[in-house]
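The values are calculated or read from the model by the stated rules, or taken from the named source; none is laboratory data. Only a predicted model underlies this, so the values are computations on that prediction, with no experimental measurement involved. When we count neighbours, we look across all protein chains shown, and the Cβ atoms used for this are built from the backbone with ideal geometry, even at glycine. Please note that ligands, DNA and RNA were not included when accessible areas were found on the heavy atoms of the full protein model with its side chains. Shrake-Rupley method; radii C 1.70, N 1.55, O 1.52, S 1.80 Å.
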Amino acid sequence: MRRRVVVASTAGIFVESLDWTMYGLLAPYFAGQIFPGQDPVAQVLGAYAVFAAGFVARPVGSFVMGRITDTRGRRTGLLVSVTLIAIGALIIAAAPTAAVAGPWAAVIVVAARVLQGIAMGGEVATAATYVVEVAPADRRHRYGAFAYSGDALGTLGGTIVLAVLLGVFGGDGVRDGAWRIAFLIAGLCGLLALWIRRGVPESEIFEQARAAGAEPAGPLLRRHAGRMVLAFMLTIGSTMGVYFGSVYLPEFAGHTGFYTEEQATSQHTVALICLLVAMIASGFLSDRFGPLRLIRLGFTAAAVLVVPLMLGLAAGVVPYLVAAPLFTVCVGLQLGVTPVAGARLFPVPVRAVGLGVPAGAAIALFGGTFLFVAEWLISQDGLRLVPVYAALGLTVSAVGSWLVRETLLYPVDTVAGTRAATPASEI
């Protein structure tokens, strides 16, 4: 049963990451078919704007999915989120081109991305909440790390799918329609994850809390507003680090002139494997030494190293196989344990929505827009400003990680504010 819990949590996060990554990677390839116009740069920016639009729906989805999870159950939240993600991917796979449907082609893709954004707004918080409440206390963070390794696995899977498509069809073939295969794969993986999640049990801690009753969510959330600010701060650097290090780096390297995007994509697999290893290792280390040390180390190291590593890459001094893995290791040290620790900032009745809303807002504002901002900076001859922008976000999270104290983390079964944890008003 414990293995099933880990697999079920991992499956949904894998599907979310796979779909989100493939959209980011494939945007330059399908932009010409979906978005009308003659300017290739404008078409790609349009595709990235839709990428960001999916994130705009995330804060709304975080609240809606969080309330479903906090009132209907953790298992219900897991099922609803992965179902909507799969439907969105299948819609994009079957979307008509602009030549057939005109502007409606872009409208259909936007609608699918908004649907996915609503679902994905609650996926991370729901999975984190479930793992926190179901995992054994002495293995909580390694369970969470394995579950959130689905993020790295999904990114790796998206990169492999693109590499295979490019190898089989070539760049022109992918642009001409082979990109649809990737979204079909994502949709089918979502249906498989749904089947896996149907077999998991409900959280006993949630059942006990629901039976005991709890005060209304509004006053409870207001008392935890300071903790929501901390969750927001922690997510800013995490999401920017993920989308820069996992998704955008091959394209960034392509703009330097020292690599083609295809060359960087093929080498990027090493960076993603390093990300995966760092995430899993951080889970085992957190169970031994506590999560805050790993979170602080990961954010601080990433904030300090991202600029010299990426400027060295842009100058041709630091090889891609050095810069990319070093950066993803730093990101991975916190990525595997931050959501689990973040869930413990809130009591059971508002755990999913308390974590989900600020995390969804941060992801929408800084993760969803990262590719667009990076591409715009580069179009304005600001290639070297991209890592500076990432460093600013990572610095915010590094500061937030030092503001979170051990006494702020609630016992897992806390129904509401107790003396076992520092009141939110003291933050």
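Solvent exposure of VAL307, expressed as accessible area, is near 40 Å², computed with a probe of 1.4 Å over the protein chains only. Accessible surface calculations at 1.4 Å, restricted to protein heavy atoms, place region 135-178 at 38 Å² per residue. Considering only alpha-carbon pairs that sit under 8 angstrom and 6 or more positions apart, the relative contact order computed for the chain is 26 percent. Relative to the longest principal axis of the Cα atoms of the chain, the long axis of helix 385-403 lies at roughly 10 degrees. Heavy-atom accessible surface of region 1-125, averaged per residue, reaches 34 Å², computed with a 1.4 Å probe.
At the residue level, ARG140 shows approximately 30 square angstrom of accessible surface with a 1.4 angstrom probe and all protein chains present. Charge dipole of region 88-225 (Cα centre as origin; +1 on each Lys and Arg Cβ, -1 on each Asp and Glu Cβ, all else neutral): 120 debye, rounded to the nearest 20.
Taking the protein heavy atoms of the chain in the context of the full set of protein chains, the accessible area attributed to carbon and sulfur is 68 percent at 1.4 Å.
The computed percent of Cα pairs over 31 Å apart for the structure shown corresponds, within (i) 44; (ii) 34; (iii) 60, to (ii). The long axis of helix 320-335 is offset from the longest Cα principal axis of the chain by roughly 20 degrees. Only protein heavy atoms count here; under a 1.4 Å probe, GLU251 has an accessible surface of about 20 Å². Based on protein heavy atoms only, region 245-305 ends up with 39 Å² per residue of surface accessible to a 1.4 Å probe.
For the chain, a crude dipole built from +1 on the beta carbon of Lys and Arg and -1 on the beta carbon of Asp and Glu, taken about the Cα centre, is about 1240 debye to the nearest 20. Note on exposure: ASP172, ASP151, ASP19 ranked by accessible area (1.4 Å probe, complete protein assembly) read ASP172, ASP151, ASP19, with the most exposed listed first. Roughly what angle does helix 291-314 make with the longest principal axis of the chain, taking Cα atoms, 0 to 90 degrees, to the nearest 10? Between helix and principal axis, roughly 10 degrees.
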